[in-house]
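Read through the structure below, which is laid out as structure tokens, and then see the notes.
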Amino acid sequence: METGGRAVPNALEPIELPDWAWERAEVRQALRARDMGAVFRQVQQYAGASQSRIAMATGMTQARVNEIINRRREVSRLDVYERIADGLHMPDDARHLLGLAASREKRSGGPAFDLAAFPEVVRVYAAQNSAADEIQQQAREAKELDVLAVRGLGLIGLNDSLLRACLPRDQGGKGLRIRVLLLDPDSNVLDRRAAEIGESSESLAGGVRLAEARLRELASSSEIEVYRYRMLPTWRLIRTDSTMFVSAFDAGWEGHESATYKVMETPHGPLFRGFRRMFDAIVDGAQRTV
């Protein structure tokens, strides 16, 4: 049923949700499904907006908003979706999930970054340490976890590593699928990487083997696969379901020191799909050890 008719003028400023609210899984699922009732309920929760406030921002009556929230009316017209997106001040990534083009306004991801042209990149951190809380939160809620690293000790190998404490500790955690790619300690590429960071090949190879041994301990509580790859490390990836944290390796530059990009899956974005395809291709050519 259509919800046309601009009964009330949009007299107030657009409703502003916190940036993180648009990144939550339930909000993104509602946008993909074009479930405006669910979207409005999230707006009430995260912005504290009343039905009347939502109505004024989106150019509807309060009665119509109530019907949508209570699933007695659906939205099907493109112009109404546009009004809702404008009234809720949706970022471009959220608009794309809804099937809309980017907004006319130029939105900024912060004082140093304009992310409007890159809706998949929803946040940029100066280094992994700045993103640690966000990564751990995502990992605790994930059903799938992919890690592409060199030795992985600081990410998942040690008890005090970034991800270890976020993983299930008993048989009840078998629902989590983990795939970890580590640099082959017997490869010539490991020697080259060791030279790049000023470390001995023996030390770096020993770190990889230690990580493998510690990851083997997780087999009783998680569905885990560990692989060795034989290519020069370039990208460092952590994927938690539809969210990915991407950083880079370079000569004299460890992955955790790199800027970290939070990339989220969108219907038309190439970055998430491309990095996931790359990860799967590396797995296909790698040697499984756990």
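Suppose the filter is surrounded by 14 or more Cβ atoms within 10 Å (Cβ to Cβ) and at pLDDT below 95; does SER242 pass it? It would help to see each step written out before you state the result.
Working: surrounded by 14 or more Cβ atoms within 10 Å (Cβ to Cβ): yes; at pLDDT below 95: yes.
Considered against the rule, which asks whether it is surrounded by 14 or more Cβ atoms within 10 Å (Cβ to Cβ) and at pLDDT below 95, SER242 comes out as yes.
Output the residue which, of all residues in region 172-185 that are part of a loop (DSSP other than H, G, I, E, B) and surrounded by fewer than 18 Cβ atoms within 10 Å (Cβ to Cβ), is modelled with the lowest pLDDT.
Initial filter on region 172-185 (part of a loop (DSSP other than H, G, I, E, B)): 174-176, 184-185.
Next, only the ones that are surrounded by fewer than 18 Cβ atoms within 10 Å (Cβ to Cβ) stay: 174-175.
Details: LYS174: 57, GLY175: 73.
Checked region 172-185; the qualifying residue modelled with the lowest pLDDT is LYS174.
Given the condition at positive phi and among the small types (Gly, Ala, Ser), answer yes or no: does some residue in region 60-71 qualify? Looking for residues that are at positive phi and among the small types (Gly, Ala, Ser), one finds none in region 60-71, hence no. Please go through region 212-243 and pick out each residue that is free of Cβ contacts under 8 Å to residues at least 40 places away in the same chain and either closer than 20 Å to ARG277 by Cβ or touching a Pro at 6+ places or on another chain (Cβ under 9 Å) (or both). Residue satisfying the conditions is THR234 alone. Collect the residues in region 126-171 that are open to solvent by less than 30 Å² (accessible area, probe 1.4 Å) and either among the β-branched types (Val, Ile, Thr) or assigned to a strand (DSSP E or B) (or both), keeping them in residue-number order. Those that are open to solvent by less than 30 Å² (accessible area, probe 1.4 Å) and either among the β-branched types (Val, Ile, Thr) or assigned to a strand (DSSP E or B) (or both): ILE135, LEU145, ASP146, VAL147, LEU148, VAL150, ILE156.
The values are calculated or read from the model by the stated rules, or taken from the named source; none is laboratory data. Note that this is a predicted model, so its numbers are computed, not measured. Ideal geometry is used to build each Cβ from the backbone, glycine not excepted, and the neighbour counts take in all protein chains shown. With ligands, DNA and RNA removed, areas are computed over all heavy atoms of the protein, side chains included. Shrake-Rupley method; radii C 1.70, N 1.55, O 1.52, S 1.80 Å.
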